[in-house]
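Each remark here refers to the structure printed beneath this line.
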Amino acid sequence: MSYVARDDRPADKAARYAELEDEILAVLEGEPNLTARMATVSSMLADAFPAFFWTGFYVVDPDKPGELVVGPYQGTLGCLRIPFGRGVCGAAARDRATQVVEDVNAFPGHIACDSRSASEIVVPVFDRAGTLIAVLDVDAETTGAFDALDAEALERLVGRVFAA
C-alpha cells in the first residue's frame with residue numbers, strides 16, 4: 001500500500017502510519033545497530049509515502065556536538081553538515097522540537113540542499129536517556145505536505161524505534 005499525501009484522507013494517512021510503524025518495529029526487532037535502524041526507517045518511510053522525496057537522518061556529530069552530519073537517507077544529495085540553529089534541521093536540533101514547515105521559502109535561514117524542496121518536517125530523535133542523537137528530516141516537492149498528523153506519527157515512530 002502506498003500513500004500519496006495530497007490524495008488521501010487524514011484517516012487513511014493515520015492508518016498508513018500505524019501500519020508502517022508496526023512493519024518497521026517488526027523488521028527492527030532485535031537489531032541494536034543505530035545506523036541499521038536509521039537506514040531501515042529512512043527506506044521504509046520513503047517507500048511508503050511517495051510524496052516524501054528526501055527522507056533521512058542528520059546525526060549529532062560526537063566530535064562537534066553543536067553540528068549535525070548527514071546520516072542514512074533516501075533521496076537526492078543532502079547537505080553534509082548543518083550547525084544547530086541553522087535551517088529547519090538546525091532549528092529542530094537547537095529547540096529539541098518538531099518543525100513543520102508549510103513553505104520552506106518562507107522559513108528564515110532555510111538551507112536549500114535541493115531546490116525542489118517545497119515543504120519539510122524535522123523531528124528530533126532522542127535515545128533512552130533523553131539525549132538528542134539525530135533529527136529525522138523529510139522533504140516534499142509540494143507546499144503544505146505535512147501537518148500535525150505527520151508530526152504526531154513521526155514523533156511516535158522515532159520514540160518507539162530509538163528511545164524504547
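The values are calculated or read from the model by the stated rules, or taken from the named source; none is laboratory data. All values derive from a computational prediction rather than experimental measurement. Cβ coordinates were reconstructed from backbone atoms using ideal geometry, including for glycine residues, and neighbour counts include every protein chain displayed. SASA here: full protein model, heavy atoms, side chains in, ligands and nucleic acids out. Shrake-Rupley method; radii C 1.70, N 1.55, O 1.52, S 1.80 Å.
Some points to look at:
- Candidate set: segment 153-164, residues that are surrounded by 14 or more Cβ atoms within 10 Å (Cβ to Cβ) and among the small types (Gly, Ala, Ser); chosen: the one nearest to the chain's Cα centre (by Cα): 153
- Filter result for the condition that a residue is open to solvent by less than 30 Å² (accessible area, probe 1.4 Å), free of Cβ contacts under 8 Å to residues at least 40 places away in the same chain and among the small types (Gly, Ala, Ser), over 66, 87: 87
- When the residues of segment 133-152 are filtered to those that are farther than 16 Å from residue 92 by Cβ and aliphatic (A, V, I, L, M), the one that is surrounded by the most Cβ atoms within 10 Å (Cβ to Cβ) is 140.
- Filtering segment 120-164 to residues that are assigned to a loop (DSSP other than H, G, I, E, B) and in contact with a helix residue (DSSP H, G or I) (Cβ under 7 Å, 6 or more places away or on another chain) leaves 127, 128.
- Residues in segment 93-109 that are open to solvent by less than 60 Å² (accessible area, probe 1.4 Å) and under 16 Å from the mean Cα position of the chain (by Cα): 93, 97, 98, 99, 101, 104.
- Residue 20 being surrounded by 17 or more Cβ atoms within 10 Å (Cβ to Cβ), in contact with a Phe, Trp or Tyr (Cβ under 9 Å, 6 or more places away or on another chain) and under 20 Å from residue 164 (Cβ atoms): yes
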